[in-house]
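Asks: Structure provided below as structure tokens; questions to follow.
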Amino acid sequence: MNTTIYGFYLIMVMMLPSGDVHGEALDWYFTPYECYEQAQYQHENKSQLGVGFVCIEDVLPPEEKS
């Protein structure tokens, strides 16, 4: 089963005082290196406690065979 990766989403994830987890897509990158570089920059320069950054693949799910 092959999956096509089109790019990578930079996601900001935060845990709220209530214990809920909230995530928001910030940007899209063609390569994982660009995404991880921006995630590290955001973490080191702009994030607060309880906020993390992660890169998630943008994929097209494979078609199921019938």
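Derivation of every value follows stated rules applied to the coordinates shown; laboratory data play no part. Treat the numbers as computed from the prediction; the structure is a model and nothing was measured. Using ideal geometry, Cβ is built from the backbone for each residue, glycine included, and neighbour counts are taken over all protein chains shown.
Asks: For H43, H22, what's the fewest-to-most ordering of other Cβ within 10 Å of each Cβ? Write down the numbers at each step before the final one.
Replies: Working: H43 14, H22 10.
Ascending number of Cβ neighbours within 10 Å: H22, H43.
Asks: Please give the calculated 222 nm ellipticity per residue for the chain, where each DSSP H segment of at least 4 residues contributes -39500 (n - 2.57) and the sum is spread over every residue; nearest 500 deg cm²/dmol?
Replies: Values: 1 runs with 14 residues, N = 66.
Helix-only estimate at 222 nm: -7000 deg cm²/dmol.
Asks: Same structure again: Show me, for the range 9-16, the HN-Hα J-couplings you get by feeding each phi into the Karplus relation (A = 6.51, B = -1.76, C = 1.60, θ = phi - 60°), rounded to Hz, glycine and proline as x.
Replies: Per residue, the Karplus-derived 3J(HN,Hα) values read 8, 8, 10, 9, 10, 9, 9, 7 Hz.
Asks: Which angle from 0 to 90°, rounded to the nearest 10, does the C-alpha axis of helix 32-45 make with the longest principal axis of the chain?
Replies: For 32-45 against the chain, the angle is about 10 degrees.
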